[in-house]
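As structure tokens, the structure follows; a few thoughts come after it.
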Amino acid sequence: MAVPDRRRSVGIAGEDAAAAWYEANGYSVVARNWRCRDGEIDLIVRLGRIMVFCEVKARGSTAFGAPAEAVTKAKQVRIRHLAARWLADWDGPRAGELRFDVASVLDGTVEILEGAF
């Protein structure tokens, strides 16, 4: 089971790196790995009145393509649906703006694609 464990550790490290990037840039992490029966949102962060839903894709190399390429149209639709569910349950301050980012983490280097979809 070395491959799934390695893949999981790369994913966790990628989420940690993306969360650290957001925090270093003034965002507050509102939720990590929020789940419901329909799926999961990796990161939900906030900057002022902007609420950001972020899909994190991490890879150790580009052998299977760039990390951001793994966020398909179907995945984008699923994340938007999950964000609507999360917002319906959120009892915090209302967001003035919603944004959907993709955090591409390649061998420890974080690139945030703001407003990716």
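Being surrounded by 13 or more Cβ atoms within 10 Å (Cβ to Cβ), assigned to a loop (DSSP other than H, G, I, E, B) and within 12 Å of the chain's Cα centre (by Cα) is a description that applies to ALA116. Summed over the range 24-39, residues that are loosely packed, with under 13 Cβ neighbours inside 10 Å and outside any helix (DSSP H, G or I) total 8.
Output yes when any residue across the range 12-23 is exposed (fewer than 11 other Cβ atoms within 10 Å of the Cβ), out of contact with any His (no Cβ under 7 Å at 6 or more places or on another chain) and not in a strand (DSSP E or B), and no when none is. No, the range 12-23 contains no residue that is exposed (fewer than 11 other Cβ atoms within 10 Å of the Cβ), out of contact with any His (no Cβ under 7 Å at 6 or more places or on another chain) and not in a strand (DSSP E or B). Within the range 64-96, the set of residues being of a type in the set (D, E, K, R), loosely packed, with under 11 Cβ neighbours inside 10 Å and either farther than 17 Å from TRP34 by Cα or within 15 Å of the chain's Cα centre (by Cα) (or both) comprises LYS73, ARG94. The residue of the range 1-54 that is modelled with the highest pLDDT, among those that are touching a Gly at 6+ places or on another chain (Cβ under 7 Å) and more than 25 Å from ALA84 (Cα to Cα), is ALA17.
Determine if the range 39-49 includes at least one residue that is in contact with an Asp or Glu (Cβ under 7 Å, 6 or more places away or on another chain), without any contact (Cβ under 8 Å) to a residue 60 or more places away in the chain and within 19 Å of GLU114 (Cβ to Cβ). Even if it seems obvious, please write down each step before you answer.
Taking the range 39-49 first, the residues in contact with an Asp or Glu (Cβ under 7 Å, 6 or more places away or on another chain) are 42-43, 49.
Now restrict to residues that are without any contact (Cβ under 8 Å) to a residue 60 or more places away in the chain: 49.
Retained after the next criterion (residues that are within 19 Å of GLU114 (Cβ to Cβ)): 49.
Among the residues of the range 39-49, at least one is in contact with an Asp or Glu (Cβ under 7 Å, 6 or more places away or on another chain), without any contact (Cβ under 8 Å) to a residue 60 or more places away in the chain and within 19 Å of GLU114 (Cβ to Cβ), which makes the answer yes.
Of the residues making up the range 40-59, those that are over 10 Å from the mean Cα position of the chain (by Cα) and surrounded by 15 or more Cβ atoms within 10 Å (Cβ to Cβ) number 4. In the set ALA88, ALA74, ALA83, ALA63, which member is closer than 20 Å to GLU111 by Cβ and of a type in the set (A, V, I, L, M)? Only one candidate qualifies: ALA63.
The values are calculated or read from the model by the stated rules, or taken from the named source; none is laboratory data. All of these numbers come straight from a predicted model, not from anything done at the bench. Every residue, glycine as well, gets a Cβ built from its backbone with ideal geometry; the counts of neighbours run over all protein chains shown.
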